[in-house]
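Beneath this line is the structure, given in structure tokens, with notes to follow.
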Amino acid sequence: MASDTSSVRSPLIMRVNYTFAALLIGTIAYFIYWGLGYTNHHSPLLFIIATLFGAFMAFNIGGNDVANSFGTSVGAGTLTIPQALGIAAVFEVSGAVIAGGEVTKTIRHSIIDLGAMHLTPSQCINVMLAALLAAAIWLLIASKKGLPVSTTHSLIGGLIGGGLCLGYLVTGNSNAFDLIQWNKMGEIGLSWVISPVLGGALSFILFSLIKKHVLDYNDRMNTALKEIKQEKKAYKEKHKVWFEQLSETEKITISSAIARDAENYSDPDYSIDELESDYYKGLADIESHKNSIDAFKALHNWVPLISASGGMMITAMLLFKGLTNLHLGLSVVTNFLLIIMIGALIWMATFIYAKTLKRKDLSKSTFLMFSWMQVFTAAGFAFSHGANDISNAVGPFAAIMDIIRTGDTGMDTNAPIPAPVMITFGVALIVGLWFIGKEVIQTVGTNLAKMHPASGFTAELSSAAIVMLATLMGLPVSSTHILVGAVLGIGLVNHNANWKLMKPIALAWIITLPSAALLSVLIFLGLNSFF
């Protein structure tokens with residue numbers, strides 16, 4: 001049977017693989033056609049190489065950063081990989097196109113000061129090309145090993161390596177360090193430290209509250225309901241033994257009373273005073289005890305509140321950052337009223353939905369409720385992630401495209417990124433998630449800490465809030481560090497964090513920047529010998 005299933009799935013997977021490959025190739029081909037016109041056919045070979053390097057970088061961002069972003073959803077059993085892919089396709093690309101400009105500016109102009117020395121356009125382009133390819137290669141290596149690393153670290157390492165190498169070739173002395181914006185690097189370095197701490201702290205606080213007021217409460221209620229069920233079963237067994245010991249006359253009399261009570265007992269409006277038999281009076285007492293337990297209290301009171309709060313947070317991120325580029329003209333008061341209205345609607349919808357689960361299994365109902373909530377937080381995190389991390393591919397490429405188009409290394413910091421760039425790289429990002437993201441998904445979603453939809457919801461909501469805050473400030477923080485910190489924060493609450501696995505992950509974090517820098521030096525020297 002297993003071999004039959006495998007043989008059926010294999011052609012399907014192959015068809016999907018071919019479809020995604022064709023989509024990527026077709027998108028890149030169209031973009032090259034568009035881009036050659038956009039750059040006035042200046043240096044077409046360089047533009048094609050830059051496009052391929054940039055798309056390769058975006059591909060590997062999808063395989064590592066987007067994969068670890070959706071690992072919690074897949075690991076919790078909320079989303080399948082194809083479903084995660086669908087959400088990523090819509091919201092990652094939307095976040096990149098709508099809200100990705102601010103961090104893109106930081107990457108393009110604040111890591112390396114190309115105006116610090118008199119450089120030729122080809123030298124500037126070679127630095128960016130080397131950074132893109134070095135970062136992409138390092139991400140590919142990490143993804144194949146299932147290690148979630150920072151694309152931001154990778155790119156900045158590539159920029160530093162290529163920049164220092166270029167500076168040394170130009171000046172032959174320590175002035176090479178003038179290319180690097182060390183003050184900005186200090187800000188970014190600080191954000192690397194606080195990113196996992198903030199992600200872990202926020203998820204720890206939120207999940208502690210959810211665990212206390214929802215999950216632990218539900219566990220106590222489940223235990224109480226099981227005890228009542230056992231009590232009811234024991235009561236029936238005891239009555240059966242007692243009944244068998246009666247005389248035939250007594251059995252007939254009691255059976256008649258039990259039969260009449262059975263009819264009354266089935267009526268939802270029956271009164272205990274109407275019951276004749278001790279048997280049904282005992283059952284009524286047990287049922288009364290069961291009804292006195294408000295098993296669904298957490299689902300009715302806390303979950304709608306948690307859901308509304310999460311919805312309001314995501315709405316606030318969209319209104320105050322994500323949709324600002326659309327110039328909707330909404331005042332602050334209007335934005336706050338919209339946030340409150342949406343929160344109220346989510347509260348009502350969640351409460352009504354929770355009421356429909358009254359007679360169902362409590363654990364399954366909790367799983368189902370948080371699964372729905374996690375889908376929405378996954379979408380919000382995908383949007384904020386796209387706004388922040390697509391810049392790691394787009395930023396250097398946009399710099400290259402500006403230089404090719406204008407022939408000037410002094411790029412316009414306010415020039416908008418053309419939508420075709422964001423869309424093309426967004427497609428590459430999604431295709432990368434499909435082809436090489438499974439190992440990282442397994443690491444983050446299953447191996448680092450055991451996930452439940454409630455914990456996955458918390459990790460994604462916490463990470464989305466921190467990432468979007470960083471995007472608002474224009475800081476290219478590592479969403480990987482934030483999310484891993486959030487997962488570990490949940491692991492601390494549940495006492496199941498896999499600290500042993502954190503050792504290779506932490507090592508990969510430490511060596512990411514120098515590894516990318518070294519690769520960038522080698523690639524830059526190779527490019528510099530040709531261009």
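Read-outs: derived from the displayed coordinates by stated rules, not from any lab. Just so it is clear, the structure is predicted and the values come from calculations on it, not from any experiment. Virtual Cβ from ideal backbone geometry, glycine too; neighbours counted across all protein chains shown.
A few notes on this one:
- Given charges at Cβ of Lys, Arg, Asp, Glu: the chain dipole, positive-most of Tyr279, Ala29, Leu357: Ala29
- Placing unit charges on each Cβ (+1 for Lys and Arg, -1 for Asp and Glu) gives the chain a dipole about its Cα centre, and among Gly445, Phe531, His481 the Cα reaching farthest toward its positive end belongs to Phe531.
- Computed per residue of the chain from DSSP H runs no shorter than four, each worth -39500 (n - 2.57), the mean residue ellipticity at 222 nm is -26500 deg cm²/dmol.
- The Cα-based radius of gyration and maximum Cα-Cα distance (Dmax) for region 144-275 are 37.1, 113 Å.
- This model, with +1 at the C-beta of Lys and Arg and -1 at the C-beta of Asp and Glu, gives the chain a dipole about its Cα centre of some 800 debye.
- FRET efficiency estimate (nearest 0.05) - Cβ-Cβ, Lys358 to Lys503, R0 56 angstrom: 0.75
- Scattering curve values for the chain, log₁₀ I(q)/I(0), Debye with Cα scatterers, q = 0.11 Å⁻¹: -0.94
- Evaluated at q = 0.22 Å⁻¹, a Debye calculation over the C-alpha positions of region 215-334 (equal weights, vacuum) places log10 I(q)/I(0) at -1.21.
- Rg and Dmax over the alpha-carbon atoms of region 424-469 stand at 13.0, 35 Å.
- Close amide H partners of Ile180, meaning residues 5 or more places away or on another chain with modelled amide H under 5 Å apart, are Asp113.
- Residue among Leu433, Ser463, Ile400 farthest towards the positive dipole end of the chain, charges placed on Cβ: Ile400
- A simple packing score, the average count of other Cβ atoms within 10 Å per residue, orders the peptides 369-377, 152-160 as 152-160, 369-377, with the highest score first.
- Take every pair of alpha-carbon atoms less than 8 Å apart whose residues are at least six positions apart; their mean separation over the length of the chain yields a relative contact order of 40 percent.
- Here the peptides 330-337, 203-210 are ranked by packing, the mean other Cβ count within 10 Å, and the order with the highest first is 203-210, 330-337.
- Kirkwood radius, region 241-302, all distinct C-alpha pairs, inverse of mean reciprocal distance: 13.6 Å.
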